[in-house]
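Chemist: What follows is a structure written as structure tokens; I'll ask about it next.
We did not get these values from a lab; they are worked out from the coordinates using the rules stated. Small disclaimer: the values here were computed from a predicted structure and weren't measured. Using ideal geometry, Cβ is built from the backbone for each residue, glycine included, and neighbour counts are taken over all protein chains shown.
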Amino acid sequence: MSSQTKKAPPKGILKKPTAAASPAPSPSASASASASPSPQHKKPDPREIAIQHAKIIHDRRALEDTITDSIILLAKLPTIKEPSSSPSQTTPTTTSTTTTTTASASASSTANGYSEQDAELFKSHVRLFQPSDYDALIEERNALGSCGYGLCGRPRTRLGPGAGEYKLLNWGRRDFAIVPRAEAERWCSRRCARRAMYVKVQLSETAAWERAGIETIRIDLLEEQEAEQERQQQQQQQQQQQQQQRQRQQEVPGKEKGEDENAAAAAAAAAAAAAAAQVARDETDRRQKAAKDAKDLALERGDTDMKKAAKRRINVTIREKKVVAEVREPSLAADGGGDRHLVLDGYKTKFDPKSETINGGKGTTTIPNAKEEDDGKATG
């Protein structure tokens, strides 16, 4: 009866079945299958799940411990305590044509106060850091009194207890900035702050255990990038110089003859110009010597320069004369005679009318005094 009620499975409309359809399972077979599950759909063991989660947590804790050890290790860098170069100093240039990237990086590391081994150690430990881990490294270095940048060996800046909450940096310059005091005390200079921030922006917020297996993650340093750019600029300059030198060498064979003629003409013109210049110098010397001789002769004669004399100034001070005695009117002598009338401003003239004579053509005639004439008339 059951065999008669069986129905054939429906056939597909679009394509033919690749294999014969198996008959539908009987209710008894399906019941037995549900009673005994297959090994593929076996229920997971809770113990194994717990062990797996414990291993994951253990690996994460181990990685966190590794990061903590890295912070402690990087807080003591650089291994050679050598003062870092000041911000105003520049990295010395290398003019060799065979300079490689590794050589430029090592030269830059040496110039910045740390070795190449310290730089590689720093980059290998920082690659799995999160920004919070990097901030912890800066705080650890500040606690030790060092600059916050992991490869700087100089002490951090201390503003003292009297400083304000903010600090004015580089007053009067293009990079002037107003920085909080706590931020300014984390570094030794603005250059180290830029280096540290250049490393921090390369870090990811993703958890370290999610990035631990990625080998392509690497950290670049600002000083290495600057050295690489400088090296590329030097190579470009050297290539330009070599190209210009090759162009000059190619132009030389076709212009050798013309250049020789031009050189001869230039030499002749230079000789003529030198002779003319020598003649002009001799004429100038002769004129200067003649002017000097004339000036010396004028000084010997006592002549003065009228132009200089006109410009010369004499300081004259006018003061009022102090009168000590009382001013009195002028008066003649009591007897009405004397020679007081001959005194003028304290000076007595030397004129004596008695001795005055008139020279004539043949002899000398004396002018008689008026008083003597009166006496003569009286006696006559």
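Chemist: Give me, ordered by chain and number, the residues 5 or more places off R154 or on other chains with an amide H under 5 Å from its own placed amide H.
Modeler: S84, C147
Chemist: Please go through the stretch 211-291 and write out the GluC sites (Glu not before Pro) that DSSP classes as loop and that have at most 15 other C-beta atoms within 10 Å. Intermediate values should be presented prior to the final figure.
Modeler: Details: sites: E215, E223, E224, E226, E228, E230, E251, E256, E259, E261, E283; in loops: E215.
Loop-located and lightly packed - E215.
Chemist: Right, something else. Scan around K167 for amide H atoms under 5 Å from its own, H built in the peptide plane at 1.01 Å from N, and keep only partners 5 or more places away or cross-chain.
Modeler: V179, R181
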